[in-house]
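Heads up, the thing below is written out as structure tokens.
The values are calculated or read from the model by the stated rules, or taken from the named source; none is laboratory data. Keep in mind that what you see is a predicted model, and the values were worked out from it rather than measured. For neighbour counting, all protein chains shown are included, and Cβ atoms are generated from backbone atoms with ideal geometry for every residue, glycine included.
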Amino acid sequence: MARQSERIPLLPPGPGVSHHLTLHRYGERGARPKAYLQASLHADETPAMMAVHHLLRRLEEADRAGLIRGEILLLPYANPIGLSQWVNEAQLGRYELRGGGNFNRNWPDLAPKVAELVKAKLGGDAERNVALIREAVGQVLGEIKPRKELDQLRLVIMRLSLDADVVLDLHCDDESLMHLFLIPQHWPEGESLARLLGVSAVLLEEDSGGGSFDEFNSTLWTRLAKRLPDHPIPPVCFSGTVEFRGGGDVSDEHGEKDGEALFRFLRRRGFIAGEDGPLPEALCEATYLNATQTLRSPAFGIVAYKVQLGDRVSKGQIIAEIIDPGAPPGAPRAICRAETDGIVLSRRHHKFVSIGQSLTKIVGRDALPDRVGYLLED
């Protein structure tokens, strides 16, 4: 079945202004398995859109050859609101400028309402339970009345992804190595994705505290399983966030490699007919997100990094120094040290920082005492 493309209008944010989403659908509507992929929910994270651009080319080839199995949905850009937010030639796509906050935070937890709808209907058949839960999720979403454009954007995305077997939210970091966020219940199931992408870190956490989009899809099932323990409820939605290196890592060479990795993953998961080759060697082991230090600046000033991406560092090692540009010559610098042994996963691209801003992520193995509750960056 040939690709179908749809234009999904959003509520207008003001007079004479309108935004829309573009959706590409491959395969038969309603078929199984179902995959949903979206790029650049943080609209200033361009590498994700480049990866999907190249993935679309491979899917077109597979579609023409009749190789699509199930249904594959793609949003090549998931955030037209953020894509249109420009201030003095700078694109600001991480936060909604009308006060909506971070586009990838505070997605709703539907588990309480869904549990009430299905608790008297569930039985011992896991497959039937999954169907009942997906129906209930659709009912809950059908009751939501969007009041503004951001509400409708989220509602459209939730409806597109609610019954998917695979959901991939494609992002990038600032300066960064490739990495992947998953819930623990999807490891080692997600190892093939990690190997194909060539990630340098797999960060596991069931609830990172921020209500991210990937967890909207994955932790619904784990939360329902805890609320309704007398009935089998498997974590059927494999949902993760892929971070495609840093924001400046945009090229056809990167995009072609990333698109091919996503294509191979979909083929291995049964969305595309054909045999896949052997997996690349793993570049890392999976670790828990609470073992990753988010090093923050203790002062205003210029960041002078003492480490590079991928460096293996030791607890107590100097990672960066903060220079007060107005201080006299020879004045001491603020010192930032590692609190764990691990690898340097990310750095801040802009080298002038304020107090409390994130500088670096260091991926360690052992849980850090202060890494509880909200584990993400703002």
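Just wondering, is there one or more residues in the stretch 138-151 that are part of a loop (DSSP other than H, G, I, E, B) and among the small types (G, A, S)? Spell out the reasoning first.
We begin by selecting, within the stretch 138-151, every residue part of a loop (DSSP other than H, G, I, E, B); these are 143-148.
From what's left, among the small types (G, A, S): none.
Within the stretch 138-151 (the criterion being part of a loop (DSSP other than H, G, I, E, B) and among the small types (G, A, S)), the answer is no, since none of the residues qualifies.
Restricted to strands (runs of 3 or more DSSP E) entirely inside the stretch 1-79, those with at least 2 residues that are within 14 Å of R267 (Cα to Cα) and not hydroxyl-bearing (S, T, Y) are 34-39, 71-75. Taken over the stretch 123-153, the criterion of being surrounded by 19 or more Cβ atoms within 10 Å (Cβ to Cβ) and either closer than 22 Å to Y77 by Cα or modelled with pLDDT under 95 (or both) is satisfied by E149, L150, Q152, L153.
For the stretch 226-243, check the following and say yes or no: at least one residue is hydroxyl-bearing (S, T, Y) and either part of a helix (DSSP H, G or I) or not assigned by TED's automatic domain parsing to the domain that holds L41 (or both). Spell out the reasoning first.
Narrowing the stretch 226-243 to residues hydroxyl-bearing (S, T, Y): 239, 241.
Narrowing the set further to residues that are either part of a helix (DSSP H, G or I) or not assigned by TED's automatic domain parsing to the domain that holds L41 (or both) leaves none.
No.
Scanning the stretch 137-154 for residues that are over 21 Å from C237 (Cβ atoms), touching a helix residue (DSSP H, G or I) at 6+ places or on another chain (Cβ under 9 Å) and either of a type in the set (A, V, I, L, M, F, W, C) or touching a residue at least 24 places away in the same chain (Cβ under 8 Å) (or both) yields P146, E149, L150.
Does the stretch 211-237 hold any residues that are closer than 29 Å to V344 by Cβ and under 12 Å from the mean Cα position of the chain (by Cα), and which are they? Break it down into steps so the answer makes sense when it comes.
The initial filter retains those residues of the stretch 211-237 that are closer than 29 Å to V344 by Cβ, namely 211-215, 218-219.
Matches in the stretch 211-237: G211, S212, F213, D214, E215, S218.
When A299, A331 are screened for being aliphatic (A, V, I, L, M) and either surrounded by 13 or more Cβ atoms within 10 Å (Cβ to Cβ) or assigned by TED's automatic domain parsing to the domain that holds D174 (or both), only A299 passes.
Output yes when any residue across the stretch 262-276 is farther than 18 Å from L55 by Cα, surrounded by 18 or more Cβ atoms within 10 Å (Cβ to Cβ), modelled with pLDDT of 95 or more and aromatic (F, W, Y), and no when none is. No: zero hits.
Could you list all residues from the stretch 113-136 that are in a helix (DSSP H, G or I) and free of Cβ contacts under 8 Å to residues at least 12 places away in the same chain?
Keep residues of the stretch 113-136 that are in a helix (DSSP H, G or I), which gives 113-118, 126-136.
Selection gives E116, E127, R128, A131, E135.
Beta carbons closer than 9 Å, at least 6 apart along the sequence or on distinct chains, never pair a first residue in the stretch 248-270 that is outside the structural domain of R69 (by TED's automatic domain parsing) with a second that is surrounded by fewer than 17 Cβ atoms within 10 Å (Cβ to Cβ) and of a type in the set (S, T, Y).
Condition check ((1) of a type in the set (K, R); (2) surrounded by 16 or more Cβ atoms within 10 Å (Cβ to Cβ)) across all residues:
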{"position": "A31", "(1), (2)": "no, no"}
{"position": "K34", "(1), (2)": "yes, yes"}
{"position": "D44", "(1), (2)": "no, yes"}
{"position": "M49", "(1), (2)": "no, yes"}
{"position": "H53", "(1), (2)": "no, yes"}
{"position": "L56", "(1), (2)": "no, yes"}
{"position": "A62", "(1), (2)": "no, yes"}
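Considering only the stretch 86-104, I want to know if a residue exists there that is at pLDDT 95 or above, hydroxyl-bearing (S, T, Y) and surrounded by 20 or more Cβ atoms within 10 Å (Cβ to Cβ). The answer is no; no qualifying residue exists.
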